[in-house]
1. For the chain, what value does the Rg/Rh ratio take when both radii are computed over Cα atoms and Rh is the Kirkwood radius, given to two decimals?
2. Hey, can you rank 22-28, 258-264 by average C-beta count inside 10 Å, highest first?
3. Distance in nm between label sites at residue 256 and residue 110, each 7 Å beyond Cα in the beta-carbon direction?
4. For segment 9-148, with equal point scatterers placed on the C-alpha atoms only and solvent neglected, what are the log10 I(q)/I(0) values from the Debye formula at q = 0.21 1/Å, to two decimals?
5. Work out how much length residue 62 to residue 13 would gain on full extension: take 0.36 nm times their residue separation and subtract the Cα-Cα distance, in nm to one decimal.
6. So how do 130-141, 46-57 stack up, highest first, on mean other-Cβ count within 10 Å?
7. Going through the cross-link list 20/45; 45/151; 9/33, which pairs have a Cα-Cα distance over 25 Å in this structure?
8. In terms of Cα to Cα distance under 27 Å, which lysines are near enough to residue 241, apart from those fewer than 8 places away along the same chain?
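The values are calculated or read from the model by the stated rules, or taken from the named source; none is laboratory data. Being a predicted model, the structure only gives us computed values, none of them experimental. Here the Cβ positions follow ideal geometry from the backbone for every residue, glycine too, while neighbour counts run over all protein chains shown. When the accessible area is computed, the model is the full protein with side chains, heavy atoms only, and any ligands, DNA or RNA have been set aside. Shrake-Rupley method; radii C 1.70, N 1.55, O 1.52, S 1.80 Å.
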Amino acid sequence: MSTIRAQLKRAETFLQEDAKLEAEILLAHVLQKPRSYLHAWPEDKLSVETIALFDSYVNRRVLQEPIAYIIGSREFWSLNLTVTADTLIPRPETELIIETVLSLYANHESLKIADLGTGSGAIALALGHERPTWKIVATDVSEHALLVAEKNARACNVDNVTFAQGSWCEALNVADFNVIVSNPPYIAENEWDSYAQGLAFEPKAALLSGQDGLDAIRIISSSARNHLLSGGCLVIEHGFKQAPLIREILQIDGYTKVQSVGDLLNYERVTLGYCFR
């Protein structure tokens, strides 16, 4: 039998960037222990079965499968979320949507929000976790994605989020939302080759959106007006070069006070506008 130390060293020779960190994450997951355990007990002997499972995970990572899919989870806004091949992996840049909504409505005890294309439920659950008095409806066209999101809601003890199946606003049967948020697909079809290697394992339908990457955003922009209360706000995540185009789309559709929000590197990744009757 081999030790924790030996197996980590061996795995690092196969892995690439962040090899040490990735090896530790994978072995800790196999052992169902925190990473600190690996450092505290480096000479612990591992069973043949444990080594075989660890090897299978390392091999999957060598083939560029994201670690989040291998271990089945990803942290987002301090929530540990289950992810599967039916959902996108939540990314840190999407937290800008959470920050934006919380900032805009810091003093609102009561709010009704729709999260379109919820996937794993990351945005809806983060908002619901931060504001237990808000009511949130999370939608997705994928039944399998909704099952994952519902599982995450139970695991995170967030009970102010409900779920509805349908494409974008088609899943909403009322017009009384204060805020509609979405992180829709926004990669252009002709750009896929430059993204394919890093995103090959994620659901393509949740990434690609027509020739210019804006098909879904156009649909959301035009339909969200029918489900927002007067003064309601549409908040959309998009690519870091797309902000001028998104502002133009929202303005053409009649939104006012349209503005984009920059991240810590000043990339405009979120655009919002208000709907007045």
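1. Rg divided by Rh gives 1.03.
2. The most tightly packed comes first, giving 22-28, 258-264.
3. It is 2.5 nm.
4. For segment 9-148, the Cα-only Debye profile gives -1.20.
5. Extra length from residue 62 to residue 13 when fully extended: 16.6 nm.
6. Details: 130-141: 20.1, 46-57: 15.2.
Ranking the peptides 130-141, 46-57 by packing returns 130-141, 46-57.
7. On the way: 20/45 19 Å; 45/151 35 Å; 9/33 18 Å.
Table pairs above 25 Å Cα-Cα are 45/151.
8. Candidates past the 8-residue exclusion: 204, 257.
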